[in-house]
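Below is one structure, written out as structure tokens; the observations come after it.
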Amino acid sequence: MKKVVKGVGARLRKLRVELLEMTQKELAQALGVKQNTISQWEKEERDIPTAVYEALATKFGVNINWLLTGEGEPLLKPRGGTVKKKDLYEGLSQEDQELLKLIKGLPDDERTMLIKLLKRAVERGTSGSTPVKTNSF
């Protein structure tokens, strides 16, 4: 096991909480790891794999030099805009924001089922056929 870089855990937590405005669970889901892994990284109990540094840079525009050393700006200018959680809802109606929050709260299997159902509804809606019949949950 590699030696954990001193201070990287505190910077990861700052990044997650203050800049990305995400919970450990949300960041874990985005990175494809378990929530307790994020906790271990933040406590510097476990080294962060290189692939995770790369994912942080590509998905969130994180300046890896800042994460490792504390030097420079935490976020690089990401392509296509900022990545802060609060900006995800910008420009959406209250109704759309509520819908996204409800979907986000569903278990993964139910979210997947809902997405498939919505896709079918949109496909049928654009082809001019009858509305989608749904089963009760």
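Between LYS34 and SER93, how many nm apart are label points set 7 Å from Cα along the C-beta direction?
About 4.2 nm separates the two model spin labels.
Give me ASP109, ASP47 ranked fewest to most by other Cβ atoms within 10 Å of their Cβ, as a rough exposure proxy. Present the calculation step by step, with values, prior to reporting the outcome.
On the way: ASP109 8, ASP47 15.
Going from least to most buried by this count: ASP109, ASP47.
Extension gain THR50-LYS6, at 0.36 nm per residue separation less the Cα-Cα distance, in nm?
Values: separation 44, 0.36 × 44 = 15.84 nm, distance 1.58 nm.
14.3 nm is the gain from fully extending THR50 to LYS6.
Which order do peptides 21-29, 49-57, 115-123 fall in by mean Cβ count within 10 Å, highest first?
Numbers: 21-29: 16.9, 49-57: 14.7, 115-123: 11.6.
Taking the mean over residues of other Cβ atoms within 10 Å, the ranking is 21-29, 49-57, 115-123.
Given a cut-off of under 8 Å on Cα pairs at least six residues apart, what relative contact order in percent is computed for the stretch 8-79?
Working: 71 pairs, mean separation 19.0, N = 72.
Relative CO of the stretch 8-79 lands at 26 percent.
Taking neighbour counts of Cβ atoms within 10 Å as a proxy for exposure, in what order, fewest first, do TRP66, TRP41 appear? Could the numbers behind the result be given before it?
Values: TRP66 17, TRP41 25.
Starting with the residue having the fewest Cβ neighbours, the order is TRP66, TRP41.
Hey, fewest Cβ within 10 Å first, where do THR69, THR37 land in order?
Details: THR69 13, THR37 19.
Taking fewest neighbouring Cβ atoms as first place, the list is THR69, THR37.
For the stretch 8-79, how big is the tail of P(r) above 16 Å, as a whole percent of Cα pairs? Could the numbers behind the result be given before it?
On the way: 1036 of 2556 pairs.
That fraction is 41 percent.
A short reminder: the numbers here are calculations on the coordinates, not readings from a lab. Note that the coordinates shown come from a computational prediction; the quantities given were computed from them, not determined experimentally. Using ideal geometry, Cβ is built from the backbone for each residue, glycine included, and neighbour counts are taken over all protein chains shown.
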